[in-house]
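Working notes, beginning with the structure itself.
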Amino acid sequence: MSFVFKSIAHIQLAAPKGSEDKAKRFFSDILGFREIAKPELLKKRGGVWFEFAHYQIHIGIEEPFTPAKKAHPAFEIENIEALKSHLSKNDIKFINDDDLPGANRIYINDPFGNRIEILEWL
């Protein structure tokens with residue numbers, strides 16, 4: 001083939017109308033992602049964008065909204081035990097999952113019910 005995939009440009013998660021402040025609290029204040037400006041032409045659609053390292057997470061408004069319960073992004077992390085402690089201190093529930101050999105893995109839901117996987121390779 002003459003084309004090559006280079007990277008993931010962004011991950012899009014849906015949220016209900018008017019949920020930008022909840023998204024900011026969760027993705028920025030709890031998970032530590034940095035909010036970035038949306039292009040002017042896209043601001044009218046609502047939503048909010050974040051980034052960490054060179055990855056972007058776009059929270060887009062969808063009506064009617066239905067959370068993604070199975071489809072999900074998965075984030076690799078260092079020191080997942082510290083994250084678990086941080087989540088507990090902030091009343092964010094997580095589910096431990098031991099089904100992936102070699103990984104310490106949890107699942108959380110964003111404030112809108114979208115599933116998010118977080119793992120650390122052992």
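The values are calculated or read from the model by the stated rules, or taken from the named source; none is laboratory data. Every value quoted in this text rests on a predicted model; they were computed, and no experiment measured them. Using ideal geometry, Cβ is built from the backbone for each residue, glycine included, and neighbour counts are taken over all protein chains shown.
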Q) How many of the residues in the stretch 76-122 are assigned to a loop (DSSP other than H, G, I, E, B) and either free of Cβ contacts under 8 Å to residues at least 24 places away in the same chain or more than 23 Å from Ala23 (Cβ to Cβ) (or both)? A) 10
Q. Which is of a type in the set (Phe, Trp, Tyr) and either free of Cβ contacts under 8 Å to residues at least 12 places away in the same chain or touching a His at 6+ places or on another chain (Cβ under 8 Å) (or both), of Phe27, Phe3, Phe33?
A. Phe3
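For residues in the stretch 1-23 being under 11 Å from the mean Cα position of the chain (by Cα) and surrounded by fewer than 16 Cβ atoms within 10 Å (Cβ to Cβ), which is nearest to Gly47 (Cα to Cα)?
The qualifying residue nearest to Gly47 (Cα to Cα) is Gln12.
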Q: Would you confirm whether any residue within the stretch 52-75 is touching a strand residue (DSSP E or B) at 6+ places or on another chain (Cβ under 7 Å), farther than 19 Å from Asp21 by Cα, modelled with pLDDT of 95 or more and part of a strand (DSSP E or B)?
A: yes
Q. Looking at the stretch 82-97, is at least one residue surrounded by 14 or more Cβ atoms within 10 Å (Cβ to Cβ), of a type in the set (A, V, I, L, M), touching a Phe, Trp or Tyr at 6+ places or on another chain (Cβ under 6 Å) and closer than 25 Å to Lys6 by Cβ?
A. no
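Quickly run through the stretch 48-66 and pick out the residues that are under 28 Å from Ile80 (Cβ atoms) and surrounded by 13 or more Cβ atoms within 10 Å (Cβ to Cβ). Before the answer, list the steps.
Here is the first cut: in the stretch 48-66, the ones under 28 Å from Ile80 (Cβ atoms) are 48-60.
The answer is Val48, Trp49, Phe50, Glu51, Phe52, Tyr55, Gln56, Ile57, His58, Ile59, Gly60.
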